[in-house]
Amino acid sequence: MQFKVPQDVQREDTIVGPLTFKQLIICAVGGGIAYGFYTVLSREYTWPVWFPPTLFFAGFTIAFAFVKVHDLTFLQYLSSLFAYHYLPKKRIWIKGSAEVITPLEEPKTNTVAAAEETKKEKQESTMKKLDSLVQILDSKGMTRDPNKQ
């Protein structure tokens, strides 16, 4: 029996026509903002006043919804561009810069010895549990020997 195997599993599902859910939400919000600027500004001003802000928001809405740069969404591209320009480009490692020294720190020899003691105690308790498990398995789960009745 043959089955259809999806080839493009990274592609999002379309909701309305060719629009995905994210694109639909971005277009609705951005279009609403652009329409809001148009309605508020067009009541009292002529087109040279209301057209630039409406075009600005409509353009950004289209860019955020549909534009991809190097297989990145426009928002990811802008955040990468911002990080590239404003974060340091050289990283300098300074030996010991991450060490935190507190004045009330206990000597490390006591903590090492205590850690070794607890490790030995854990090993001993594990061995005791293992021995009891071996005895149960050897006796096949019986508490007394079935051959001696």
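Derivation of every value follows stated rules applied to the coordinates shown; laboratory data play no part. These figures come from a predicted structure and were not determined experimentally. Note that we place each Cβ from the backbone using ideal geometry, even for glycine, and neighbour counts take in every protein chain shown.
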Could you run the Karplus curve 6.51 cos²θ - 1.76 cosθ + 1.60 with θ = phi - 60° over region 72-79 and give me ³J(HN,Hα) per residue in whole Hz, x for Gly and Pro? 10, 5, 5, 5, 5, 5, 5, 5
Ignoring chymotrypsin sites (Phe, Trp or Tyr not before Pro) buried by more than 14 other Cβ within 10 Å or outside DSSP loops, the longest site-free run in the chain is 94-149
Near Lys128, which lysines are there with a Cα under 23 Å away, not counting those fewer than 8 places off in the same chain? Lys119, Lys120, Lys140
Correct option for volume of the Cα convex hull per residue in Å³ [calculated from the coordinates] among (i) 467; (ii) 124; (iii) 307: (i)
The relative contact order of the chain, taking Cα pairs under 8 Å that sit 6 or more residues apart, comes to a percentage of 13 percent
